[in-house]
Amino acid sequence: MKNVVVLFLFFTLIFCLPCYSEETSPVIKQDEKKEVIFLGNEDFKLLPDTKESFIERVEKNIVLFSEKLKEKFSLWLSRSTKYIEKMKEILVEKGLPEDLVYLPLIESGFNVNARSRAKAVGPWQFIESTAKRYGLIVDWWRDERKDPIKSTVAAANYLKDLYKMFGDWSLALAAYNAGEGRIYKAMNRVAENDYWMLLNTKYLPRETKNYVPKYIAAITIAKQPESFGFNNIKEHETINYEEVVIPSPTDIDIIAKCAQVDVSIIKELNPELKRWSTPMNVKEYIIRIPEGKKEDFLSNFEKIPPEKRFSHDTYVTKKGDTVYKIAKKTGFSPTVLYEMNGNEVFKNLKPETKIMIPPHDKFTPTNEDKFHENKKPKKKVTLKKKKNSSVSKTKKAKNNKKA
């Protein structure tokens, strides 16, 4: 009888106790993902035909992001929370679909410092020529491709132009990736104006063929991360700031001191600044400081004498100095010297002229900033050919044929 009671209690415990699993929310199964894939909407059509082969391309990328690249994609989703609201505002203001805000997920992972092998830079991955075409400044002092606000304005204008050109969002996105010229060429080659029908041709790069499916996969996950196993994504506060107009140049550490914050915060709010200060080639500069700091900043800034706001070292010229000789002596390239002093001062250099150079304690030169000795080109060695050589015979034969 005792054995019967023990067995009864044992089975009661097994069947009545709740079961726990490691997953806090169910992950959508592979065969259910078709139902939740973001296909666009009336104003933003991405996948007009739910053809099986098209869906499979998107699903492959969903699997890639949610399994193989899950850790990286989690970081990208987390990082996006800093910028996404501000970017959405800009896109909507420009009359564009707000869901374009997820494009930086596949472009840069929302990394403002991202740089590709093709030298595309920033969250929207602009190459320099396109960036300048859409109003972004890229020079020695700054690279506005890294500015999450200004680069979003430029990207919005570019995407708007691409949509006007193609009248279709899938083609516009493909052109954003490969360039409008290449997409037009592919369309003309096969007389086809449907991006999805171009995927089976040889006229689009492999990356471009996967670009829109990858974007659809990214946006699908971003809109419902928990459904794909992305739980507890770390969210950051949206970047909030005030803008202040200050005389330029001004050192970044001076700006931080006046705003009573760490230098890293000023750099994060102004990622376009490449050097230790605001640019020397403008008289004023709009700087971003943390929200609520403007009054204290202006008060503190006024207390600092103008001559103490910008740091530089000085080289005093000697008789016979040229730009090249000064560059060699200081270790900085002529470009650096011209950026800090302009061109005029070097046209008629006189002894005792003060030349500004970067401060040694605040500036770490890149390889391009350093002076490099110009190597003399090697003389070409020409070998004298024998009169009866086979080479000369061949040449004579060719000349006879032409005659």
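Being out of contact with any Gly (no Cβ under 8 Å at 6 or more places or on another chain) and assigned by TED's automatic domain parsing to the domain that holds Phe44 narrows it down to one residue among Asp168, Asp147, Asp143; which is it?
Criteria check complete, one pass: Asp168.
Across the stretch 52-80, which residue is nearest to the chain's Cα centre (by Cα) among those that are modelled with pLDDT of 95 or more and of a type in the set (Ser, Thr, Tyr)?
Ser80
Within the stretch 244-265, restricting attention to residues that are crowded, with 19+ Cβ neighbours inside 10 Å and out of contact with any strand residue (DSSP E or B) (no Cβ under 7 Å at 6 or more places or on another chain), which residue is nearest to Asp139 (Cα to Cα)?
Ile254
Every residue in the stretch 54-111 that is under 22 Å from Lys164 (Cα atoms) and loosely packed, with under 15 Cβ neighbours inside 10 Å, please.
Those that are under 22 Å from Lys164 (Cα atoms) and loosely packed, with under 15 Cβ neighbours inside 10 Å: Glu89, Val92, Glu93, Gly95, Glu98.
Condition check: in contact with a Lys or Arg (Cβ under 7 Å, 6 or more places away or on another chain), modelled with pLDDT of 95 or more and under 22 Å from Val101 (Cα atoms). Does Asp143 satisfy that?
Yes: the conditions hold for Asp143.
Restricting the search to the stretch 178-237, which residues are of a type in the set (Gly, Ala, Ser), touching a residue at least 40 places away in the same chain (Cβ under 8 Å) and assigned to a helix (DSSP H, G or I)?
Ala217, Ala218, Ala222, Ser227, listed by residue number.
Taking the stretch 191-203 as the search range and keeping residues that are among the aliphatic types (A, V, I, L, M) and within 18 Å of Pro48 (Cβ to Cβ), which one is surrounded by the most Cβ atoms within 10 Å (Cβ to Cβ)?
Leu198
On the given criteria, is Gly179 modelled with pLDDT of 95 or more, farther than 15 Å from Phe54 by Cβ and either within 20 Å of the chain's Cα centre (by Cα) or not assigned by TED's automatic domain parsing to the domain that holds Asn41 (or both)?
Against the criterion (modelled with pLDDT of 95 or more, farther than 15 Å from Phe54 by Cβ and either within 20 Å of the chain's Cα centre (by Cα) or not assigned by TED's automatic domain parsing to the domain that holds Asn41 (or both)), Gly179 qualifies.
Scan the stretch 340-347 and tell me whether some residue there is under 22 Å from Ile252 (Cα atoms), among the hydrophobic types (A, V, I, L, M, F, W, C), touching a residue at least 12 places away in the same chain (Cβ under 8 Å) and touching an Asp or Glu at 6+ places or on another chain (Cβ under 7 Å).
The answer is no, given that none of the residues of the stretch 340-347 is under 22 Å from Ile252 (Cα atoms), among the hydrophobic types (A, V, I, L, M, F, W, C), touching a residue at least 12 places away in the same chain (Cβ under 8 Å) and touching an Asp or Glu at 6+ places or on another chain (Cβ under 7 Å).
In the stretch 249-305, which residues are in contact with a Lys or Arg (Cβ under 9 Å, 6 or more places away or on another chain), in a helix (DSSP H, G or I) and aromatic (Phe, Trp, Tyr)?
Phe301
The values are calculated or read from the model by the stated rules, or taken from the named source; none is laboratory data. Because the structure is predicted, anything quoted here is derived from the model rather than measured. With ideal geometry, Cβ positions are generated from the backbone for all residues, glycine too; neighbour counts draw on all protein chains shown.
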